[in-house]
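Coordinate-derived values only; no laboratory data. All values derive from a computational prediction rather than experimental measurement. Please note: Cβ atoms are built from the backbone with ideal geometry, for glycine as well, and neighbour counts cover all protein chains shown.
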Amino acid sequence: MNLNAFPRCVGINTTKADTDRPVVEMFHVYKRYGSRTALYDVSLRVSRGEFLFVTGPSGAGKTTLLRLLFLDETISEGQILVDGINLQRIPRNRIPLLRRKISVVFQDFRLIRDYTVYENIALVLEAKGASPRHVPARIRQALRMVGLEDCAHAYPPRLSGGEQQRVAVARAAAANPLILLADEPTGNLDTETADMVMALLIRLHRRGTTIVVATHDDRLLSKAPARVVSLAEGRLYGAQA
Ligand code: ADP
């Protein structure tokens, strides 16, 4: 697979209606943890190919919102559709298929220390059902995109934080996702390295990937041609309902 060939195909039988379909639709979503309500009545639509920032201070509900989208948490009330699939109605056996369409980049990189860079990416590609014969080329291309093709056999602890995050972006991109969710992706990085990681996300976006970045860092907002919505105490502002 050629990562440079974004925007990628969205399926052989894709119709115009499919490509016009929002990637994410949230309708009056609430998320409660016991007596604490982390999200109140959140409605949001993310179009295919959009770059969206979700801002807000710590504790506003940004991580919770992303976790709902990648099915790491269940919704308390309301509905979420990802690529037209209602997350509350999806049969359990189809959840892995939906997860394959979603890549996540975390603040703390989440690379496996005892696996090489190559193995870290291969593990995710295999979990997402990539054909084994395409895996080496996809990894090479993804590492080339982030400028780390010489680090394939390095172990993450030997890399700087910025390099580890670039590997995490490569891992996310190699999976060829419909949507890439990034939770404070620059939170552990210095300004210069943060800008480099943002530039990579912008590059992926230009190639057709839908990107949602949660951040409390307003400095990032000027770095991408993105729509901005903000969360405050679990309520979303600036979104079209
Ligand atoms: P942010 O990402 O904007 O910092 P979070 O989504 O992490 O915000 O948290 C939103 C609110 O939900 C906070 O009050 C937080 O304490 C609470 N919260 C998040 N996760 C859990 C959890 N697993 N159990 C209980 N409360 C949680």
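In table form, for the structure just shown:
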| quantity | calculated |
| --- | --- |
| Inter-site label distance for residue 217 and residue 150 at 7 Å from Cα along Cβ, in nm | 2.5 nm |
| The chain, relative contact order [Cα under 8 Å, separation at least 6], % | 32 percent |
| For region 108-234: Kirkwood Rh in Å [reciprocal of mean 1/r, alpha carbons] | 15.0 Å |
| Normalised alpha carbon radius of gyration of the chain [divisor 2.2 N^0.38 Å] | 0.98 |
| Lysine pairs with alpha-carbon atoms under 28 Å apart, the chain, spacing 8 or more or separate chains | 10 |
| Packing rank of 174-187, 83-96, where each peptide gets the mean count of other beta carbons within 10 Å, highest leading | 174-187, 83-96 |
| Value of Rg/Rh across region 166-220 [Cα atoms, Kirkwood radius] | 0.93 |
| Theoretical ellipticity at 222 nm over the chain - DSSP helices of four or more residues, -39500 (n - 2.57) apiece, nearest 500 | -8500 deg cm²/dmol |
| Distance between modelled label sites at residue 160 and residue 195, nm, 7 Å Cα→Cβ extension | 1.4 nm |
